[in-house]
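Written below as structure tokens is the structure these notes are about.
The values are calculated or read from the model by the stated rules, or taken from the named source; none is laboratory data. Worth saying up front: this structure is predicted, and the values here are computed from it rather than measured. Here the Cβ positions follow ideal geometry from the backbone for every residue, glycine too, while neighbour counts run over all protein chains shown.
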Amino acid sequence: MFLKPVGRGTWSPFAQQPAVYRFVRLLQQDATSAPRTETSNSSLEASAAARVNDPSKSASPIQRQRSQFSYPPGRKAEIPAVHLPSRFGRNQEVPVTDEKRKLLEKIVSRFRNVRWAVAYGSGVFEQDGYDQNAPKPMIDFIFATSYPSHFHAVNLQHNPSHYPAFARWLGSDYISKVQEWGAGIWYATMVDVDGQLIKYGVISTDALCEDMMDWSTLYVAGRMHKPVRIIRPDARVLLANQINLVSALRVVLLMLPEEFTEVELWEQVAGISYAGDPRMSIPGAENPQKVQNIVRPQVDRFRGLYFKLLREIGGVSPASGPADISGLSGDEAAWTALGLGKSNGSGLLKQNVDADFRAQLLKRLPRNLKKGLERVFAERFETKVVRPGAPPDAEGLEEKEFWRRAVAEPDLRKILDQEIQRIIKGPATSQSFKGLLTAGLRKSILYAAAKIGKWWKSKSKKA
């Protein structure tokens, strides 16, 4: 929603406004529309929005100094800083061992102009289905940068071997344009950094935050639904991802039945990004048990990431009635009260299925998903949504009543799943083909062969 990416055809309602304020206004729009029932998280979002309302107050001394210097072509000023309360987003701080942390930080330090960075996957967190005696797995990273063309220009000088020969010849402008295709990310794979094999994706900060808040492609936003290790934090991305995580919970609550286990909750969350991904339907492209392999050994990490947000959304409680939290304190007491007390994730939960509550969940879904649902149900109901502030003679259903009717539809879960697949399928498919350009033919073949090997081992163990 911030800029019009090359080749992605995304229309922006802020296209004619100064680029420097687009993201700030989007944060304000989401923060100020939060319902009063979600007091803690919403008040923090509103506080952040208030702080960025005046750019001169929100900019740090360092950023004010930077304003005296020139910026790479295409941008005349930085987006004002977002200052958040000190404890905001602590749920996103997924711990790793000191040894792993130092390794990840050392690798990221080899790259310049990285505004935000995370590491993820089996190279960071343990997953089921992997041979512990096998060579250490490749570590996956995502880097966000304000100016992709500038990042690639510098990276071509320092790390030319990370790019295929034709990309080196065509230069950073070509690379940044290709990056915008599909999900807006350029992946370099099977790269050796200080003896460690890594894969890293480069995405613009604008495209990253757009995906997190609007679910424009769900390619990186879906990755962030699972535990990741943040190596280089950024306040705007932190806030956008907090909204992204809340959106994931709203979606899965709408898709789950009235009663479900904790593991089923986390598997639904982890599985969002794989809906519509062509790799899941191609033998050898991806492990069919990947979602279960991610969740089972990481139940505690999913709790740490989501339980406070789940409590703020409300509507979830132990199926057996109020839990006994005597003798417990801190996080353990909080998640036990929600019904997340069993270490293996088998605790049975119950959610509020009241029509008004579920209509509120639908109403607050990410923009791209909500737009698709509105299109489907408007056609089914043969009407349109009349929003607050519309003329008195406007024809259609009031927004509240429209979503009340939608949650009563028996195939709501199916439609939700179809719309999520619609969002993911196109960008995920083009990203898969784009790998031939970003990695080169040789590395693409080697990477595909490694994936098929993992799939074959998983299939053999299951048999």
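Hey, any hits in segment 123-138 for a residue that's buried (at least 19 other Cβ atoms within 10 Å of the Cβ), among the small types (G, A, S), at pLDDT below 95 and closer than 26 Å to D211 by Cα? The answer is yes; a qualifying residue exists.
Of the residues making up segment 303-320, one or more are surrounded by fewer than 20 Cβ atoms within 10 Å (Cβ to Cβ), of a type in the set (S, T, N, Q) and out of contact with any Gly (no Cβ under 7 Å at 6 or more places or on another chain).
Residue pairs whose Cβ atoms lie under 7 Å apart, separated by 6 or more positions or on different chains, with the first residue in segment 362-389 and closer than 17 Å to N244 by Cβ and the second of a type in the set (S, T, Y), are L365/S247; P366/S247; N368/S216. Mind checking whether some residue in segment 228-249 is within 30 Å of A355 (Cα to Cα), part of a loop (DSSP other than H, G, I, E, B) and at pLDDT 95 or above? There is no residue in segment 228-249 that is within 30 Å of A355 (Cα to Cα), part of a loop (DSSP other than H, G, I, E, B) and at pLDDT 95 or above. Restricting attention to segment 254-275, the residues being out of contact with any helix residue (DSSP H, G or I) (no Cβ under 6 Å at 6 or more places or on another chain), touching a residue at least 60 places away in the same chain (Cβ under 8 Å) and either assigned to a helix (DSSP H, G or I) or among the aromatic types (F, W, Y) (or both) number 4.
I'd like the full set of residues that are under 22 Å from T97 (Cα atoms) and in a helix (DSSP H, G or I), limited to segment 209-227.
So in segment 209-227, the residues under 22 Å from T97 (Cα atoms) come out as 223-227.
R223 - this is the single residue of segment 209-227 that is under 22 Å from T97 (Cα atoms) and in a helix (DSSP H, G or I).
For segment 404-417, does any single residue satisfy the condition of being exposed (fewer than 15 other Cβ atoms within 10 Å of the Cβ), assigned to a helix (DSSP H, G or I) and without any contact (Cβ under 8 Å) to a residue 60 or more places away in the chain?
yes
Answer yes or no: is there a residue in segment 207-216 that is surrounded by 21 or more Cβ atoms within 10 Å (Cβ to Cβ), of a type in the set (S, T, Y) and under 28 Å from L310 (Cβ atoms). So far as segment 207-216 goes, yes, one or more of its residues are surrounded by 21 or more Cβ atoms within 10 Å (Cβ to Cβ), of a type in the set (S, T, Y) and under 28 Å from L310 (Cβ atoms). Taking segment 145-164 as the range and being part of a helix (DSSP H, G or I), within 17 Å of K434 (Cβ to Cβ) and out of contact with any Ser or Thr (no Cβ under 6 Å at 6 or more places or on another chain) as the test, only H162 passes. Looking only at residues of segment 166-190 that are crowded, with 21+ Cβ neighbours inside 10 Å, more than 16 Å from I423 (Cβ to Cβ) and among the β-branched types (V, I, T), we find that the one that is modelled with the lowest pLDDT is T189. Scanning segment 171-208 for residues that are of a type in the set (A, V, I, L, M) and either farther than 19 Å from T429 by Cα or in a helix (DSSP H, G or I) (or both) yields I175, V178, M190, V191, V193, L197, I198, A207, L208. It is to be established whether one or more residues within segment 305-327 are within 26 Å of the chain's Cα centre (by Cα), at pLDDT below 80 and under 20 Å from K226 (Cα atoms). No, because not a single residue in segment 305-327 is within 26 Å of the chain's Cα centre (by Cα), at pLDDT below 80 and under 20 Å from K226 (Cα atoms). Test Y274 against the stated conditions and say whether it is at pLDDT below 95, within 11 Å of the chain's Cα centre (by Cα), aromatic (F, W, Y) and more than 30 Å from G321 (Cα to Cα). So Y274 fails the test.
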